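One structure below.
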Amino acid sequence: MIKGICRKILLVLPVVFFTTAVNAHHSFQATFKSDAEITVEGVVTDYHFKNPHVIVFLDVTNDDGSVTRWMSEGGSATGKRRDGWDRNTIQAGQKIRITGDSTHDGSPMVSMETVELLDANSGAVMKTLGEHTNADTAQQLVMLPLKLEDGRPNLTGAWDRIRGGSRGGSPEELDGVPPFNAAGKAAQDAYNTADDPQIFCEPPGVVRQAGFTPHPVRITQNDDHVILEYEEYGGRRVVYFGDELLAPGEKSHLGDSVARYEGDALIIESRNLLSNPSQPWGYQTSDQVSTVEIYKRADEPQIGSIVTAKMIVTDPGYLSEPWELNRDRFYSEGYEFIENDCRPPLRKRTARAD
């Protein structure tokens, strides 16, 4: 439990702190063509306001009277909630019109660019739901004690990504291109975003889940272990404190980890990791990869309490030198994670034709 006095100030933050890219989970270009917009109209059968993406299923009546079930994929529920959406924004039985990009392979899917709620009888537009709003968002600025009473850095809480300041920006701008060696460059050249394993709901590796993710992370500090939970993929890690990592052994997506405190920092080291793409556009790591995560506390006058998070990726299989991913996150009091329920696309897992 965190003890101490915190200061709260109601602050209106620019929207740049809260805008979430639609390709945070995976690249939309892997499934949809950006130059082939279509409009689909039908009756909602299912609406899933969950991460990693908001999904709508609708029955569309064809010219011959037959009915085809379509799937529309939008941005993350995290980002849509910031735009005013919730689990009741769209309901089964409503008639809607969705305009967005069509698929590369002609499967019955459309990206969720614009959604119009229609009158069931006349077909008139009753309301338009855009992909993004540009309204400012009021947020509580909170100043937490930098340390717990026992002297450890005060990291417990939900921490959201900062954008537009304090090392904010897009992941591409923050991370840069990894320092690939020849094998890493060959793996990247061969990578096809259409076969991104996260599109098909496979578990992410630790670099993508803990280092890359642009969505909130919840940290819980205990006497003998620390818990890290991730909104984007619904991941959960329980890392115990110790002096040494496990010896090389069976590999998994999140690997084997050990934690320790060094001064004002929480350090987590991980090994025994499977080869995985670290980001939606590839940047594959080999099965020789290991990581070091460094978490520290700080305060920003215009943002409030923040956690600075650095991941150092060492991979002799694909990298010529260590690669750093940096994320600053602000404290979000009372933040509730959105449930994760990944839905694979309505297409086969094959490389797209173009």
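Readers should treat all values here as calculations from the given coordinates under stated rules, not as data from a laboratory. A quick note: this is a predicted structure, and the numbers were derived from the prediction, not measured. Backbone-built Cβ (ideal geometry, glycine too); neighbour counts: all protein chains shown.
Find the relative contact order for the stretch 221-354 and round it to a whole percent, using C-alpha pairs within less than 8 Å whose residues are 6+ positions apart.
That works out to 15 percent.
Name the long-range amide H neighbours of GLU339: under 5 Å, sequence gap of 5 or more, or other chain; modelled H, no Pro or chain starts.
HN-HN under 5 Å from GLU339: ASN51.
Quote the relative contact order of the stretch 28-130 in percent (integer), defining contacts as alpha-carbon pairs under 8 Å separated by 6+ residues.
Across the stretch 28-130, relative contact order equals 28 percent.
Is the shape of the stretch 28-130 best called rounded, prolate or oblate, per the rule: a/c under 1.5 gives rounded, else a/b larger than b/c gives prolate, else oblate, with a ≥ b ≥ c the square roots of the Cα gyration tensor eigenvalues?
Oblate shape, in that a/c is at least 1.5 and b/c is the bigger or equal ratio.
From the backbone phi of the stretch 332-347, what are the Karplus-calculated ³J(HN,Hα) couplings (6.51 cos²θ - 1.76 cosθ + 1.60, θ = phi - 60°) in whole Hz, Gly and Pro given as x?
Per residue, the Karplus-derived 3J(HN,Hα) values read 10, 5, x, 5, 10, 5, 8, 4, 9, 8, 5, 10, x, x, 8, 8 Hz.
Over the Cα atoms of the stretch 254-309, compute the convex hull volume and normalise it per residue, giving Å³.
With only Cα atoms used, the stretch 254-309 gives 97 Å³ per residue.
What are the ³J(HN,Hα) values, in whole Hz, obtained from phi via the Karplus relation 6.51 cos²θ - 1.76 cosθ + 1.60 with θ = phi - 60°, for each residue of the stretch 305-320 in sequence order, with x given for Gly and Pro?
Couplings: 5, 9, 10, 8, 10, 10, 10, 9, 9, 10, 8, x, x, 10, 10, 7 Hz.
Quick one: order TYR47, TYR295, TYR335 by neighbouring beta-carbon count within 10 Å, fewest to most.
TYR335, TYR47, TYR295
Hey, fewest Cβ within 10 Å first, where do VAL142, VAL289 land in order?
VAL142, VAL289
Taking only C-alpha pairs under 8 Å that are 6+ residues apart, what is the relative contact order of the stretch 145-331 in percent?
25
For the ranges 79-87, 302-310, what's the packing order if you count other beta-carbon atoms within 10 Å of each residue, average per peptide, and put the highest first?
Ranking, from highest mean packing down: 302-310, 79-87.
Give me LEU144, LEU58, LEU174 ranked fewest to most by other Cβ atoms within 10 Å of their Cβ, as a rough exposure proxy.
LEU174, LEU144, LEU58
Show the residues, 5+ positions off or on another chain, whose built amide H is closer than 5 Å to the amide H of LEU148.
Those lying under 5 Å, H to H, from LEU148 are ASN154.
Output ³J(HN,Hα) for the stretch 266-282: one whole-Hz value per residue in order, computed from phi by the Karplus curve 6.51 cos²θ - 1.76 cosθ + 1.60 with θ = phi - 60°, and x for Gly and Pro.
Coupling constants for the stretch 266-282: 9, 10, 10, 10, 9, 8, 6, 9, 6, 5, 8, x, 8, 8, x, 9, x Hz.
First obtain the Kirkwood hydrodynamic radius of the stretch 223-340 from its Cα pairs, then insert it into the Stokes-Einstein equation at 37 °C and 0.692 mPa s, and state the resulting D in µm² per second as a whole number.
The calculation lands on 208 µm²/s.
So for the stretch 145-331, considering every pair of alpha-carbon atoms, how many percent are separated by more than 30 Å?
17
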